[in-house]
Structure formats: C-alpha cells, structure tokens
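> Pasting in a structure now, in structure tokens, and then I'll have a few things to ask.
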Amino acid sequence: MNDINITAYGATDYVGRSSFLLHSRDHNILLDCGLQLVPKQFSIAPKGVDNIAHKIDSVLLSHAHIDHSGYMPSLSKNGFRGNFHMTHPTKEIVYKLWLDHLKIEGRRHWSESDLDKVFRRIKTTEYNKPFKISDGITARFINAGHVLGAAQILIDWEGTLILYTADINDRITPMFDGYDVPDEEIDVLLSESTNGDRYVPERSKIDVGLRLMAKQIVDEKNKMILPSFAVGRSQEMLITLALDDDLNDVPIYMDGMINHMNMVTEHFISDKWVSKRFLEQLKDAGLHSPFDKQNLIPVPSISNRTHNSRKYISSNEEGSIIVTTSGMLEGGPVHTYLELLGSNPNNVLGFTGYQVDGTTGREIFDGNKNITLRNNYGKSKKVNLKLKVMKFPYSGHSSVDGLKELMVKTKAKDIVLMHGEKRNQDYILDFVKDVAKPRLLKEEVPTKLVSL
Ligand SMILES: [Zn+2]
C-alpha cells in the first residue's frame, strides 16, 4: 500500500510550532517548521522533526511568522538536503525575523551558519504558478490574505489534491481582499481553526472606531500608543491611519522593526502581491507608498540617539499616535513609551491584536495596572499605569464564517482541523461533520489521509 499520511509535530489542538509532514512510501514533504513562542520563556521546537530531517525531500513555507518558520534553519543541521520553497516576500521577511530571533534567543536552536545554508537553498515562486517538488508531485502557492506573501499551499500528489490553508484571513484588510479559493475540487483540506468559535467583525467597522478615537485623543493634545506586531498588523494600522484625511496633520510615529518591514512592504506593492483596490487607493491619494506620507515619521530619523527621540515624542505638547513593537508588550520600544506616558490618565493604550495568556499585554488587557517594564538595557521597573486602555478587535485570522465558506467552496471530502485551541475546534467540528469527514491530529502519530 502506498498511502498518503500526515504526521503533525505541533499545532494540533493549539497554536504554535506548525510543522506537518506529508509522507508516502516514496516521498516526504514538510509543510512549515515553526517554533512555539512561550511568554517569558524560551521557545519550544517541534518535537521529532530532528529525527526525520534527513529523509525530507522538500520544505514548503506558507509565510514568515516565527510559529511557522522559526525552526526551519535547524533542518540542514539535522541532515535535510533539499530545497525550501516560499514566495519572494516571505523570503525577505523571514530573513529579518530569523536574525531577530537570534538576537532574542541566541543559538539555542540553530546558528548563523545554519541560516546561510538555508539561504543557499531557497527557491521563490509567485502565487498561482505550479512548481515541481518531486516526481509526480507539484505545488502551488495561493494568496492567503493573512500577511504580505502569505500563501495557502495546494499540493497535487499524483492526482490527489491537498490544500493546506496555514493562516488565512477572509476579511478585507488594508492590503488584501481576503484569501483566494482554488478553482479545483479539493480531496483533503488541512484547515486552520484559530477562530473556529468566533465571529470577527468586519474590518471597516473596527477601522471607523479606531480613526474616530485617534482623532479625539490627538485633538485634546494627548498621545495614543498602538502596540502592533512588526509584520502585518503595524502596516495595517499605519495604512488605516495614513489614508484618513482627517488625520493628515497628526504626527504618527513608527518605532521598532516596523520601519524595516515597511521598507520590505514598499518593495512588493504591485498587483502580484497586494489587492487592486489598495493600488487604486494609493493612486487616488497620489502616493507610491502609504509610508511616504509626510505625517508618518520613523523614530530613528528624529535624533541619532533613539532614547532622546522617544523622550522628545513623549514630552512635547502635540497630540500624536505611536505605532510600535512588540505587539504583546513582551519587550521592545513600547515599554519605554509606557514608562514615559503611562502615568497620564488622558493618554491611551490601544490594543490592536490578540494577547496570549502570560504576556505583559494580556496582564494589562485583563485590567492589571501594576506592571513590570524593561528598558533598553534590560533593567526592570515597576510602574502603576494610569493611562486608558482600549481594545480594538482586529484579527489576522479568518472568522468562523470564512472558515466554513472555504470548506464548502473547495468541496473537500476530508477536513483535518489544526492550528486552533480545542474549544475552537469543538465548536466548528459539528459543521465539519455535515460537509465532510472530519479528522483531528495527535502529535507525532501518523494519520492516513488517502489510499493510493
Ligand atoms: Zn501567521
């Protein structure tokens, strides 16, 4: 028998260290190879991948986020000799994220020389262009609507079609118009389930609230801090604010890795990678890039001493908005801003993304006011936050209705749920049972997908 099987090394009934091996007697293809980020601890590697690295033919990466890409550089070290396939933007973004990861965790999982080896073996492909992985197996990247360059991966395995969604978003976001659905009928759908029990509001409605609040806060000469993930959410926030004419005169400061990611984003502003609607919007505004607007100010450009810049921004009389990392307040410039601005009850901290349990962001989100902050030099300091806290329910993942729609439209006969908490999966499972044969995975236990 030559069946196609799947073995998960992470992200079964939780989010983190996505890593899935599709395997038959003759072939082994790895989909993603991420790390699980744990608040205030070192990240966790996908258990078991080291032992099978030597027999993998090819690795396919859906997108740059560390929970999908962070353990990839260790594969060569453990005997992997094939190629890494990804989109061009993913290659640019992931390189920066890997370097950043080295800075944060050191050589725990892999080293600079492992990174070099990966880079020599990366093959980039556009969306919707099939490419060969092995004899009888081709793959295609399909727009996922999640972050720049993010792809679903469609695999044609000797005529059996397997679609791996990785992280998808159905909502219209500033740069994308949601995920694309392949024309073909799919045999097996490997579906994320992050928001399996949740309806996510339309972006435009959240955007209206954010813009109105921002205007009101700066009109009263106060400051609004928007901690955001460097890849994706920060660009979305900046575009949402930059393209609002009512905020044309408001200084919007950008601090942290965001500035580098903006440059990468600018490079890929074309109809190959972003929506036509976004390109039209830019044209109407007379802009080549949304980050070209006069009122968007990268913090390092203000003074050659970054800390002085942050002090200046925090102490001047103007009303302003600060978009900065890190998104869950686990470190980064946002700590300095909270130290400088957190004691004023008129300032506002606006959450723009999900806050994982155990993060400093989650503590504040849940109402804790006594927080430990770390400055640039790693020194900690207890502060009592008095600023207002606001929550904007953005999500980078598909709403439950978008997940169901993909299941129906692809006509998948088998649906494997992954990348979601158990309670999210339990909720959507009833629906899956109505439209297909549902599957759940156990870590490191091979599950048969198809008999060939
Ligand atoms: Zn992601």
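> Treating only the Cα positions of segment 87-234 as identical point scatterers, give the base-10 log of I(q)/I(0) from the Debye formula at each q in 0.10 Å⁻¹.
Those come out to -0.52, one per q.
> Can you give the angle from 0 to 90° between the axis of helix 258-267 and the longest principal axis of the chain, with both taken from C-alpha atoms, to the nearest 10?
The answer is roughly 60 degrees.
> Let me ask another. Ranked from highest to lowest mean number of other Cβ atoms within 10 Å per residue, what is the order of the peptides 10-16, 257-263? Present the calculation step by step, with values, prior to reporting the outcome.
Working: 10-16: 22.4, 257-263: 19.7.
Result, highest mean first: 10-16, 257-263.
> Where does helix 422-435 land angle-wise versus the long Cα axis of the chain, in degrees 0 to 90, nearest 10?
50 degrees
> Between rounded, prolate and oblate, where does the chain land on the alpha carbon gyration tensor, with a ≥ b ≥ c its root eigenvalues, rounded for a/c under 1.5, else prolate if a/b exceeds b/c?
On the way: a/c = 1.81, a/b = 1.64, b/c = 1.10.
Prolate shape, in that a/c is at least 1.5 and a/b is the bigger ratio.
> Kindly list the residues of segment 178-222 that lie in the label zone of Met390, defined by a backbone N under 17 Å from the point 7 Å along the Cα-to-C-beta vector.
203-222
> Another question about this same structure. List the chymotrypsin sites (Phe, Trp or Tyr not before Pro) in segment 237-331 that DSSP assigns to loop (not H, G, I, E or B) and whose Cβ has at most 10 other Cβ atoms within 10 Å. Which are they?
Working: sites: Tyr253, Phe268, Trp273, Phe278, Phe291, Tyr312; in loops: Phe268, Trp273.
Answer by residue number: there is no such site.
> Using the Kirkwood radius over Cα pairs, work out the Stokes-Einstein diffusion coefficient for segment 203-391 at 25 °C and 0.890 mPa s, in µm²/s as a whole number.
Calculated translational D: 145 µm²/s.
> Here is a further query. Can you give the local net charge around Lys103? Use residues other than it whose beta-carbon is closer than 15 angstrom to its beta-carbon, Lys and Arg +1, Asp and Glu -1. All intermediate terms of the calculation are to be shown ahead of the outcome.
Working: positive: Lys96, Arg107, Arg108, Arg374; negative: Asp100, Glu105, Glu112, Glu330.
In short, 0.
> By how many nm would the segment from Ser343 to Ile302 grow when fully extended, if each residue of separation counts as 0.36 nm and the alpha-carbon distance is taken off? All intermediate terms of the calculation are to be shown ahead of the outcome.
Details: separation 41, 0.36 × 41 = 14.76 nm, distance 2.41 nm.
Stretched fully, the Ser343-Ile302 segment lengthens by 12.4 nm.
> Suppose only helical runs count, i.e. DSSP H with n ≥ 4. What mean residue ellipticity at 222 nm does that imply for the chain under -39500 (n - 2.57) per run, divided by all residues and rounded to the nearest 500 deg cm²/dmol?
Values: 14 runs with 134 residues, N = 452.
Result for the chain: -8500 deg cm²/dmol, rounded to the nearest 500.
> At a Förster radius of 22 Å, what calculated FRET efficiency corresponds to the Cβ-Cβ distance of Lys437 and Asn2, to the nearest 0.05?
Details: r = 20 Å, r/R0 = 0.93.
Given R0 = 22 Å and the Cβ-Cβ separation, E is 0.60.
> For Ser270 and Tyr199, compute 0.36 nm times the residue count separating them, minus their Cα-Cα distance, and round to one decimal in nm. Spell out each step's value before the answer.
Numbers: separation 71, 0.36 × 71 = 25.56 nm, distance 3.07 nm.
So the chain would gain 22.5 nm between Ser270 and Tyr199.
> Using a 10 Å cut-off on Cβ atoms, rank the peptides 115-125, 153-163 from the highest mean neighbour count down.
Values: 115-125: 15.4, 153-163: 19.5.
By packing density, highest mean first, the sequence is 153-163, 115-125.
> Mind checking the per residue accessible area of the chain for me, 1.4 Å probe, whole number of Å²? Walk me through the intermediate numbers first.
Values: 18730 Å² over 452 residues.
Ligands and nucleic acids excluded, the result is 41 Å² per residue.
> What is the extension gain from Ser289 to Gln216, computed as 0.36 nm multiplied by their sequence separation minus the C-alpha to C-alpha distance, in nm to one decimal? The partial results should precede the final answer.
On the way: separation 73, 0.36 × 73 = 26.28 nm, distance 2.63 nm.
Stretched out fully, the Ser289 to Gln216 stretch lengthens by 23.6 nm.
> With a cut-off of 8 Å between alpha carbons and a minimum separation of six or more residues, what is the relative contact order of segment 1-125 in percent? Walk me through the numbers before you get to the answer.
On the way: 251 pairs, mean separation 25.8, N = 125.
Averaging sequence separation for qualifying contacts and normalising by length gives 21 percent for segment 1-125.
> Would you please state which residues of segment 215-245 a label at Asp100 would reach in this model, taking the label point 7 Å out along Cα→Cβ and a backbone N cut-off of under 17 Å?
226-239
> Follow-up question, since we're still on this one. Using a 1.4 Å probe on the protein chains only, how many percent of the accessible area of the chain belongs to carbon and sulfur?
Details: 9150 of 18730 Å².
Roughly 49 percent, rounded to a whole number.
> Reachable lysines from Lys379, Cα under 22 Å, same-chain residues fewer than 8 places away excluded?
Lys40, Lys103, Lys311, Lys369
> Could you give each residue of segment 117-134 its phi-based ³J(HN,Hα) in whole Hz, using Karplus coefficients 6.51, -1.76, 1.60 with θ = phi - 60°, and x for Gly or Pro?
Each residue of segment 117-134 in turn: 5, 4, 5, 6, 10, 7, 10, 9, 9, 7, 5, 6, 10, x, 9, 7, 9, 8 Hz.
> Here's another thing I want to ask about it. What angle, in degrees between 0 and 90 and rounded to the nearest 10, separates the Cα long axis of helix 88-105 from the longest principal axis of the Cα atoms of the chain?
The angle comes out at about 70 degrees.
> Something else: Taking the Cα-to-Cβ direction at Asp26 and at Lys448 and moving 7 Å from each Cα, how far apart do the two end points lie in nm?
So the two model labels end up 1.9 nm from each other.
> While we're looking at this one, here's another question. Computed from the mean reciprocal separation of all distinct C-alpha pairs, what Kirkwood hydrodynamic radius does segment 47-120 have, in Å? Let's see the in-between values first.
On the way: mean 1/r = 0.0807 Å⁻¹.
Mean inverse Cα-Cα distance, inverted, gives 12.4 Å.
The values are calculated or read from the model by the stated rules, or taken from the named source; none is laboratory data. None of the values given here were measured: they were computed from a predicted structure. Neighbour counts are summed over all protein chains in view; Cβ atoms, including those assigned to glycine, are modelled from backbone coordinates with ideal geometry. Heads up: the accessible areas ignore ligands, DNA and RNA and are worked out on the full protein's heavy atoms, side chains in. Shrake-Rupley method; radii C 1.70, N 1.55, O 1.52, S 1.80 Å.
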